[in-house]
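Every number in this text was worked out from the coordinates using simple rules, so none of it is lab data. Please read all numbers here as calculations on a predicted model, not as lab measurements. We place every Cβ from the backbone using ideal geometry, glycine too, and count neighbours over all the protein chains shown.
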Protein chains: 2
Amino acid sequence: MDLDVVGIGSPLVDVLATTSEEGISRSGLTRGSMMLVDALRAEEIYGSMGPATEVSGGSAANTMAGVAALGGSAAFVGKVADDVLGRVFTHDIRSTGVQFDPVPVPVPVSGDGTSPGTGRCLVLVTDDGERTMATHLGVAITLAPGDVPEPLVQRGRIVYLEGYLWDLPPAKDALRHAADVAHRHDGSVALSLSDSFCVERHQREFLDLLVDRVDVLFGNEQEIVRLFGARSLDLGVEAAEETGLLVAVTLGDRGAVVTTPRGPVEVPAFPVDDVVDTTGAGDLFAAGFLFGLTHGADPERCAQLGALCASEVIGHLGARPQEDLRDLASRAGLL
Amino acid sequence: MDLDVVGIGSPLVDVLATTSEEGISRSGLTRGSMMLVDALRAEEIYGSMGPATEVSGGSAANTMAGVAALGGSAAFVGKVADDVLGRVFTHDIRSTGVQFDPVPVPVPVSGDGTSPGTGRCLVLVTDDGERTMATHLGVAITLAPGDVPEPLVQRGRIVYLEGYLWDLPPAKDALRHAADVAHRHDGSVALSLSDSFCVERHQREFLDLLVDRVDVLFGNEQEIVRLFGARSLDLGVEAAEETGLLVAVTLGDRGAVVTTPRGPVEVPAFPVDDVVDTTGAGDLFAAGFLFGLTHGADPERCAQLGALCASEVIGHLGARPQEDLRDLASRAGLL
């Protein structure tokens with residue numbers, strides 16, 4: 001196993017624009033959450049957005065970029081189209097040092113801008129740095145078991161699965177398959193819950209997965225509470241502990257809670273001068289955590305590494321690290 | 001004439017990445033300048049760049065976005081392809097309030113990423129905020145007289161021409177034609193020298209243009225010195241004065257010099273806490289200057305407005321304003 005983490009998810013190019021509260025209301029989206037939209041609806045929302053910035057994203061892809069930025073070895077699996085955004089995504093993730101060998105899906109020329117292509121995530125960022133997202137998955141939606149190369153999965157100490165993919169029936173099979181391959185080869189499986197609506201849609205299946213296919217679980221407060229049908233964070237963490245898995249719950253500016261053999265441990269957030277854009281905070285927390293886990297750190301140290309990486313990414317627009325995370329972690333005494 | 005400014009130039013999407021000094025040397029580019037490259041060379045340079053951010057650019061287009069952000073009325077003319085980057089460019093400039101009605105050029109599907117498409121400008125940004133650029137013009141190179149709509153040009157109080165276009169023979173005719181149309185309808189013509197190598201390549205033609213087709217000239221120190229074959233800035237400004245045109249010379253962090261009836265006047269730069277990326281500084285100087293000129297300001301006030309707009313754009317990555325320029329100008333007592 002020569003790779004620390006193999007991530008599987010939807011390759012997306014983020015289209016970021018700052019927006020007023022009125023802009024969010026007008027868009028019909030739910031503030032702070034992610035909604036899946038079709039190509040036409042994506043065009044509508046895009047048309048109402050201000051000047052935007054395009055930057056590679058995708059939840060699991062962001063996490064893999066973070067692992068690589070810490071000096072870890074990572075690979076990514078997901079489907080892009082043979083178009084400009086597909087080339088942008090491929091360039092960007094490779095240039096962070098992540099292995100990515102896609103077979104781009106050919107796209108027909110439709111001329112109306114709505115032919116299936118590489119997925120896009122429209123990100124509306126409000127003044128407080130909160131992001132509201134509308135994702136058009138494009139060809140990422142076609143991920144199927146045959147798209148997950150077994151030899152690559154076998155090389156990973158941890159296989160990291162993006163919860164968002166549970167919205168896509170063939171992708172579910174692909175992820176279950178990847179989890180089984182990993183376990184057969186002594187790898188571990190980590191799952192990110194991704195989004196509270198996603199948890200609501202798939203609560204039963206996620207709980208089933210935890211029983212035999214998942215070793216490490218990531219979620220924020222809302223997601224964990226919803227997953228376990230708990231009435232409070234404390235009860236949610238209690239339920240998480242009972243699963244026996246390694247569970248990390250992110251709590252925004254209050255830091256994170258992680259399960260350990262001696263009970264749940266709280267880890268504070270790293271102070272951030274100016275929160276610009278929270279996109280990628282959870283993804284980068286997972287990156288730091290997974291890097292720690294594959295480099296002998298205990299759960300508390302893993303969560304500290306996660307908190308540090310999250311603090312870097314919310315200080316600027318875009319969901320991938322811009323600073324040298326390895327250097328930051330080393331200066332913070334975490335490496 | 002219901003439009004303040006009609007800008008003509010190359011629509012480009014900027015592909016920005018931070019780079020080390022070694023990265024600049026390896027790229028074979030000249031630090032601080034712009035080089036035109038073909039599709040293959042563009043792919044090569046892109047391949048060696050780190051993770052990038054895509055954001056709409058193009059010199060004259062940036063200027064028009066700035067005029068609109070100040071509350072002026074502006075239109076832009078230039079050629080985009082019927083591809084993702086063309087739609088990105090069109091969305092972004094329209095959402096700033098600039099009128100842009102392109103006829104997108106169809107593109108064949110080649111699959112190798114090198115088919116002609118919407119132009120791209122690869123921008124390598126070093127620690128000091130300096131930018132080194134490689135531009136692949138794509139379909140922008142096909143701009144010809146027939147692409148410049150006369151009725152639109154007639155509506156502009158000022159027609160603003162991008163010097164970069166002088167590298168393209170059919171575009172030259174398009175710009176000469178636009179200048180003649182403007183003058184026939186009592187409009188003025190402004191020219192940006194764009195780049196010192198561009199001035200070197202076209203010195204004779206630019207000097208000829210000044211005689212009868214240009215009323216307002218923009219250039220930085222290097223460009224003005226080179227245009228007039230002067231041995232110092234002072235001699236360059238003296239030569240500029242002798243043309244009888246309104247000439248504005250930008251001097252980076254030393255501000256600008258502008259010709260006035262009572263001789264050249266120096267205007268200081270606005271202080272900037274942290275210079276992140278100088279891309280667009282000259283373009284936004286021109287925006288503030290042109291807005292002033294079409295709203296009754298004297299040359300000194302025009303240059304102050306230019307300096308203010310330039311100071312905003314160098315404080316962040318990307319060549320278009322992110323703050324409300326009208327509000328900034330008003331708080332600075334310039335409106």
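With charges only on Cβ, +1 for K and R and -1 for D and E, what is the dipole size of region A:188-335 about its Cα centre, in debye, rounded to 20?
180
If the reach is capped at under 17 angstrom between alpha carbons, list the lysines near B:LYS79, excluding any in the same chain fewer than eight residues apart.
B:LYS172
Taking every residue in A:308-318, how many Cβ atoms of other protein chains lie within 10 Å of its Cβ, on average?
1
How shielded is A:42-53 by partner chains, expressed as the average number of their Cβ atoms within 10 Å of its Cβ atoms?
Shielding by partners across A:42-53 averages 4.
Using modelled amide H (1.01 Å from N, peptide plane; none on Pro or chain starts), what sits under 5 Å from the amide H of A:LEU245, excluding residues fewer than 5 places away?
When sequence neighbours closer than 5 places are left aside, there are no close amide H contacts.
Modelling each spin label as a point 7 Å along the Cα-to-Cβ direction, I'd like the B:GLU241/A:GLU300 distance in nm, to one decimal.
Between B:GLU241 and A:GLU300, the simple spin-label model gives 7.4 nm.
Have a look at B:LEU70, B:LEU290, B:LEU235 and tell me which one the Gaussian network model of chain B (Cα, springs below 10 Å) gives the largest fluctuation.
In this elastic network of chain B, the residue with the biggest mean-square fluctuation among B:LEU70, B:LEU290, B:LEU235 is B:LEU235.
Determine the dipole magnitude for chain B: charges of +1 sit on the beta-carbon of Lys and Arg, -1 on that of Asp and Glu, nothing else is charged, the reference point is the Cα centre, and the result goes in debye to the nearest 20.
500
Picking from A:GLY57, A:GLY244, A:GLY47, which is most flexible by a Gaussian network model of chain A using Cα springs under 10 Å?
Looking only at A:GLY57, A:GLY244, A:GLY47, the biggest GNM fluctuation is shown by A:GLY47.
For chain B, give me the percentage of DSSP beta bridges that are antiparallel, rounded to the nearest 5 percent.
Given both bridge residues lie in chain B, the antiparallel proportion sits at roughly 35 percent.
Fully extended, how many nm does the chain gain between B:GLU205 and B:GLU323 (0.36 nm per residue separation, minus their Cα-Cα distance)?
38.7 nm
How shielded is B:82-88 by partner chains, expressed as the average number of their Cβ atoms within 10 Å of its Cβ atoms?
So the per-residue partner count for this stretch is 6.
Using θ = phi - 60° and the Karplus relation 6.51 cos²θ - 1.76 cosθ + 1.60, list the HN-Hα couplings for region A:173-190 in order, rounded to whole Hz, with x at every Gly or Pro.
Computed from phi, the couplings for region A:173-190 are 4, 4, 6, 4, 4, 4, 4, 5, 4, 4, 5, 4, 10, 6, x, 9, 10, 10 Hz.
Under the rule a/c < 1.5 gives rounded, and otherwise a/b versus b/c splits prolate from oblate, where does chain B land using the Cα gyration tensor?
Judged from the Cα gyration tensor, chain B comes out rounded (a/c under 1.5).
Can you compute 3J(HN,Hα) from phi for each residue in region B:120-130, using the Karplus curve 6.51 cos²θ - 1.76 cosθ + 1.60 with θ = phi - 60°, rounded to whole Hz and x for Gly and Pro?
Each residue of region B:120-130 in turn: 10, 10, 7, 10, 9, 9, 8, 3, 7, x, 5 Hz.
Stretched out fully, how many nm does the piece from B:LEU233 to B:GLU150 gain, at 0.36 nm a residue minus the Cα gap?
26.1 nm
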